[in-house]
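Asks: The structure is given below, and queries will be raised subsequently.
The values are calculated or read from the model by the stated rules, or taken from the named source; none is laboratory data. Note that the structure is predicted; figures quoted are calculated from it, not measured. Cβ atoms come from the backbone with ideal geometry, glycine included; neighbour counts cover every protein chain shown. Accessible surface areas use protein heavy atoms only, side chains included; no ligands, DNA or RNA. Shrake-Rupley method; radii C 1.70, N 1.55, O 1.52, S 1.80 Å.
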2 protein chains.
Amino acid sequence: MDRKVQKEVGAMLTAKGAATRQRIIEGTSAEVRERGAAATTLDDVRARTSTSKSQIFHYFPGGKEELLLAVAAYEAERVLSDQEPFLSALTSWEAWHNWRDRVVERYRTLGVHCPLGVLITELGRKTPAAQALTAQLLERWQERLRAGVAAMQRIGEIDPGLDADRTAASLIAAVQGGVAVLLSTGRADHLEAALDTTLDLLKSSGRRTPELLHVGASGDPT
Amino acid sequence: MDRKVQKEVGAMLTAKGAATRQRIIEGTSAEVRERGAAATTLDDVRARTSTSKSQIFHYFPGGKEELLLAVAAYEAERVLSDQEPFLSALTSWEAWHNWRDRVVERYRTLGVHCPLGVLITELGRKTPAAQALTAQLLERWQERLRAGVAAMQRIGEIDPGLDADRTAASLIAAVQGGVAVLLSTGRADHLEAALDTTLDLLKSSGRRTPELLHVGASGDPT
DNA sequence: TTCCTTCTGGACCTTGCGGTCCACTTTACC
DNA sequence: GGTAAAGTGGACCGCAAGGTCCAGAAGGAA
């Protein structure tokens, strides 16, 4: 078996080459988080990763655009994996709250340096490829949430009359909106409020189903 | 009385000057909506507004940064005024739905060319002045929504136990999140879903108050 | 060892764009 | 109508930053 690794048609990478390529991606990723995509220059990347211009263009012939796209894909993968294991097992309210806490804590820590936010807002609008990548990420994310909602509906904790996909969409919007506000003001209040509010709706919808009805305790938002 | 208009200390504008200044702002605003702030060059502005470099720097000595800040302020004003008269009279569910329709329709029309989104995401992160402007806009917006929630609480349509400010915050997040998704995918589904979901929660919370209790009809989300 | 491919370093080119300068015109007030 | 301030046009500058090129080093298969 060949020790060289095939990247795509016609492109071979040695172990050393693959390492360099990865180093460039991760260095760029860090740079983008700190300064934004537009403000990140190839010279910054070159300095940070101890490489040279020729290497960047060797591994990313499309130049800066191709590099940023690779970084976006790299980050997109992390967005979902960072929410595990909670995201894949939203089968109890405890799991949902753990997920909520994970999301809030992650973005609170990242603050302005949210990788996805940066890439979505700076790349998504111009590059069709980046836009497709974003759309695909959101779809996968939403599908996980939809599955979680459906699971809760099955055990009677969420009103079966609700549209699971639409509900998942509004959860996505809650997160994205909270992050948007966080990015522009530095405060995570909206993120928490939006998630809590939406989760409260889901909880109370379950309580309202006939067989489990026990009204009176109107979901305390604190 | 002087025909010249005082702008700030030491700066006088004739009617002609004021008109030119305004033309520059509006032209830049349009350019930014179409291409983004970073991609908008002073030459674009110059061509579009039939002016010259010297005029831009005459009216905005701080260069591009000052110009964009002026545009941001101009747009921020429009964001709220575009939601009138609904935003200031959220005293019935009809008013709330009219407001919701106005927001959805506006952003659906604007699509990728959302002025606030562009400015928040491209300027907010770097310029402290722009960030302050954004924060202030969100605060004013949230205060209007908070007042609306409080009004509905007073007439028993929303659970008085809810934190009005926190609820308003989650509505803000719903809008911002929907817009964020719209910006990166071109679809307004999330915006609608998030607003509808949140409004449903508020409605059902009112229904749950003791004196108005008539359970069974679990808020149909369609 | 030999030969081919991949990898690396860095000088160099090109261009786009923010910003400057200065001469000239128009407006406003006396 | 004179004069000073405000408004206007456009040539020009400097530099940052993306991108090119080529010579040479390192690595792998025979």
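Asks: Would you check the accessible area of A:Arg166, probe 1.4 Å, heavy atoms only, in square angstrom rounded to 10?
Replies: Rounded to the nearest 10, the figure is 70 Å².
Asks: For A:Ala39, place a label point 7 Å from Cα along the Cα-to-Cβ direction in every copy; what are the distances to the other copies, in nm, shortest first?
Replies: Copy-to-copy label distances for A:Ala39: 2.1 nm.
Asks: So what's the back-of-envelope 222 nm ellipticity for chain B, counting only DSSP H runs of four-plus at -39500 (n - 2.57) apiece and dividing by all residues, rounded to 500? Walk me through the numbers before you get to the answer.
Replies: On the way: 9 runs with 148 residues, N = 222.
Theoretical 222 nm ellipticity from helices: -22000 deg cm²/dmol.
Asks: I'd like the mean, over residues of A:195-205, of how many other protein chain beta carbons sit within 10 Å of each residue's own Cβ. Mind dumping the intermediate values first?
Replies: Values: counts 2, 4, 13, 7, 0, 4, 9, 2, 0, 7, 6.
That average works out to 5.
Asks: To continue, here is another question. Where does each of B:Asp196, A:Asp101 land when they are ordered by accessible area, with a 1.4 Å probe and the largest first? Please report the intermediate quantities before stating the final value.
Replies: Values: B:Asp196 25, A:Asp101 75 Å².
From most accessible down to least: A:Asp101, B:Asp196.
Asks: May I ask you to give the solvent-accessible area per residue for the protein assembly as shown, in square angstrom, as obtained with a 1.4 angstrom probe? Kindly include the intermediate steps, with their values, before the conclusion.
Replies: Working: 20320 Å² over 444 residues.
With all protein chains present, the protein assembly as shown gives 46 Å² per residue.
Asks: What percent do you get for the relative contact order of chain A when only Cα pairs under 8 Å and 6+ apart count? The partial results should precede the final answer.
Replies: Numbers: 218 pairs, mean separation 34.4, N = 222.
After rounding, I find 16 percent.
Asks: Based on the Cα atoms of the range A:5-61, what semi-axes does the equivalent ellipsoid have, where each is the square root of 5 times one gyration tensor eigenvalue, given in whole Å with the largest first? Mind showing how you got there, number by number?
Replies: Numbers: eigenvalues 98, 22, 21 Å².
Output for the range A:5-61: semi-axes of 22, 10, 10 Å.
Asks: What nm distance separates the two modelled labels at A:Glu94 and A:Leu42, each placed 7 Å from Cα along Cα→Cβ?
Replies: Taking the two extended label points, one gets 5.4 nm.
Asks: Looking for one value pair here: nearest-to-axis residue in chain A (by Cβ) for the rotation onto B, and the distance in whole angstrom.
Replies: A:Gly177, 1
Asks: For chain A, set up a GNM with springs between Cα atoms under 10 Å and report which of A:Leu69, A:Leu182, A:Leu13 has the largest fluctuation.
Replies: A:Leu13
Asks: Residue by residue through the range A:74-83, which ³J(HN,Hα) values in whole Hz follow from phi under the Karplus form 6.51 cos²θ - 1.76 cosθ + 1.60 (θ = phi - 60°), with glycine and proline marked x?
Replies: Those phi angles translate into 4, 5, 4, 4, 5, 3, 6, 5, 5, 8 Hz.
Asks: Say we join alpha carbon atoms closer than 10 Å with springs in a Gaussian network model of chain B; which of B:Ala18, B:Ala150, B:Ala168 then has the biggest fluctuation?
Replies: B:Ala18
Asks: Classify the range A:127-185: rounded, prolate or oblate, from the alpha-carbon gyration tensor (a ≥ b ≥ c, eigenvalue square roots; a/c under 1.5 rounded; otherwise prolate if a/b is larger than b/c)?
Replies: Numbers: a/c = 3.51, a/b = 1.69, b/c = 2.08.
Taking the square roots of the gyration eigenvalues as a ≥ b ≥ c, the range A:127-185 is oblate.
Asks: Got a sec? Charge dipole of the range A:5-61, +1 on Cβ for Lys and Arg, -1 for Asp and Glu; which of A:Val32, A:Phe60, A:Leu13 is way out at the positive end?
Replies: So the residue we want is A:Leu13.
Asks: Step through the residues of the range A:177-182 one at a time and calculate ³J(HN,Hα) from phi using the Karplus curve (6.51 cos²θ - 1.76 cosθ + 1.60, θ = phi - 60°), rounding each to whole Hz and writing x for Gly and Pro.
Replies: Once θ is set to phi - 60°, the couplings for the range A:177-182 become x, x, 5, 4, 5, 4 Hz.
Asks: Also, I was wondering about something else. Consider all pairwise Cα distances in the range B:48-127 and report the whole-number % of them above 18 Å. Walk me through the intermediate numbers first.
Replies: On the way: 1783 of 3160 pairs.
Cα-Cα pairs in the range B:48-127 separated by more than 18 Å: 56 percent.
Asks: Within 10 Å of each Cβ of A:151-161, how many other protein chain Cβ atoms are there on average?
Replies: Numbers: counts 0, 0, 0, 0, 0, 0, 0, 0, 5, 1, 6.
Mean inter-chain Cβ contacts per residue within 10 Å come to 1.
Asks: Still on this structure, I have one more. Distances in nm, one decimal, shortest first, from A:Ser88 to the same residue in every other copy, taking the label point 7 angstrom along Cα→Cβ.
Replies: 5.4
Asks: How big is the dipole moment of the range A:73-212 about its Cα centre under a simple scheme where the beta carbon of each Lys and Arg is +1, that of each Asp and Glu is -1, and everything else is neutral? Debye, nearest 20, please.
Replies: Numbers: 16 positive and 19 negative charges, 44 e Å.
Once rounded to the nearest 20, the dipole reads 220 debye.
Asks: I would also like to ask the following. Taking the Cα centre of the range B:28-123 as origin and charging only Cβ (+1 Lys, Arg; -1 Asp, Glu), how large is the dipole, in debye to the nearest 20?
Replies: Details: 11 positive and 14 negative charges, 39 e Å.
Approximately 180 debye in magnitude.
Asks: Under 1.5 on a/c is rounded, so check that first for the protein assembly as shown, then, if it is not, pick prolate when a/b is larger than b/c and oblate when it is not; a ≥ b ≥ c are the square roots of the alpha carbon gyration tensor eigenvalues.
Replies: Working: a/c = 2.56, a/b = 1.14, b/c = 2.23.
Taking the square roots of the gyration eigenvalues as a ≥ b ≥ c, the protein assembly as shown is oblate.
Asks: Taking all protein chains together and a probe of 1.4 Å, list A:His113, A:His58 from the most accessible to the least accessible. Can you show the working numbers first?
Replies: Working: A:His113 80, A:His58 125 Å².
Correct descending sequence by accessible area is A:His58, A:His113.
Asks: On a 1.4 Å probe surface of the protein chains, which of A:Ser50, A:Ser170 comes out largest in accessible area, and what is the full order? Intermediate values should be presented prior to the final figure.
Replies: Working: A:Ser50 95, A:Ser170 5 Å².
Most to least solvent-accessible, the answer reads A:Ser50, A:Ser170.
Asks: Copy-to-copy spacing for A:Glu105, label 7 Å out on the Cα-to-C-beta vector, in nm, shortest first?
Replies: Copy-to-copy label distances for A:Glu105: 4.5 nm.
Asks: Just to confirm the number: angle between the C-alpha axis of helix B:128-154 and the first principal axis of chain B, 0 to 90 degrees, nearest 10?
Replies: That helix lies at roughly 30 degrees to the long axis.
Asks: Given 0.36 nm per residue, what is the gain on full extension from A:Lys16 to A:Ser81 after removing their alpha carbon distance, in nm?
Replies: Taking A:Lys16 through A:Ser81 to full extension adds about 20.7 nm, to one decimal.
Asks: Need one value for A:113-122: mean number of C-beta atoms belonging to other chains within 10 Å of its residues' C-beta atoms.
Replies: Working: counts 1, 0, 0, 1, 4, 2, 1, 6, 11, 5.
Whole-number average of other-chain Cβ neighbours for A:113-122 is 3.
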